[in-house]
Amino acid sequence: MGIFRGKNAKLLTMMTAIAVVIVLFYVALTKKEEEKNSQLTVEAATEVATLMDKDLDKEYPASVREVVKLYLRIITCYYNEDLEEKELVTLIDQQRALFDKELLDHNKYGDFKKRLENEISSYKSANKTVINYQINSNQSVQYWWNDGKECASIMVVVNLNGKSLNQVYEKFILRKNDNGKWKILGWQLADEDDFKSPAPAKTIAPQSSK
């Protein structure tokens with residue numbers, strides 16, 4: 001049985017010290033990652049709770065941009081979080097509160113919920129999540145009048161992460177209801193050029209009837 005002496009003893013001490021440092025580093029890194037994941041979980045839970053608690057009768061978003069932003073916050077929770085049934089149903093109610101009556105009439109609750117659940121399931125299966133989104137500035141909002149109703153459009157881009165990073169560009173159309181609230185009438189796919197170089201903002205006044 002050998003005994004470590006001299007250089008061998010120093011080498012053993014050095015190797016032991018390095019091993020300890022590596023272990024401590026790993027423990028610290030793991031703890032930091034756990035704290036980060038825990039923080040993200042808390043933030044996500046807080047966001048879901050915040051959206052569920054919103055009283056849209058009393059604090060409805062005042063602008064086109066804010067309506068679309070709230071919509072995007074809701075769909076981010078759909079695709080990024082594991083929602084319980086009560087949470088999902090409440091968020092659907094909040095989302096549909098942003099819709100124009102015409103859009104609601106074409107998307108009955110039962111059909112809408114079923115399609116949404118299928119889409120959420122598809123996202124989960126593909127490990128696809130919403131990384132972030134960007135809404136064009138208020139200066140790029142287009143306003144016009146149609147059949148005596150004020151309408152508006154704004155461009156957004158949603159960054160998705162799955163097997164490959166991809167971006168979805170969409171143009172949202174909104175219409176102001178009789179209570180002066182902007183409601184989402186619909187949306188359509190757009191392209192990067194539409195987002196980066198939107199037409200100059202303008203307002204088309206209603207034409208007087210003859």
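The values are calculated or read from the model by the stated rules, or taken from the named source; none is laboratory data. What you see is a predicted model, and the numbers here were worked out from it, not measured in a lab. Cβ coordinates were reconstructed from backbone atoms using ideal geometry, including for glycine residues, and neighbour counts include every protein chain displayed.
Applying a threshold of 6 Å to beta carbon distances and a minimum spacing of six or more residues, or different chains, the list of pairs starting in the stretch 81-107 at a residue that is in contact (Cβ under 8 Å) with a residue 60 or more places away in the chain and ending at one that is assigned to a helix (DSSP H, G or I) and not charged (D, E, K, R) reads 98/67; 98/71. The residue that is farthest from residue 153 (Cα to Cα), among those in the stretch 117-141 that are buried (at least 17 other Cβ atoms within 10 Å of the Cβ) and of a type in the set (A, V, I, L, M), is 120. For the stretch 66-173, the helices (runs of 4 or more DSSP H) that sit wholly inside it and include 2 or more residues that are under 19 Å from residue 189 (Cβ atoms) are 109-125.
When 95, 167 are checked against the criterion of being within 15 Å of the chain's Cα centre (by Cα) and either at pLDDT 95 or above or within 27 Å of residue 53 (Cβ to Cβ) (or both), 95 stands alone in meeting it.
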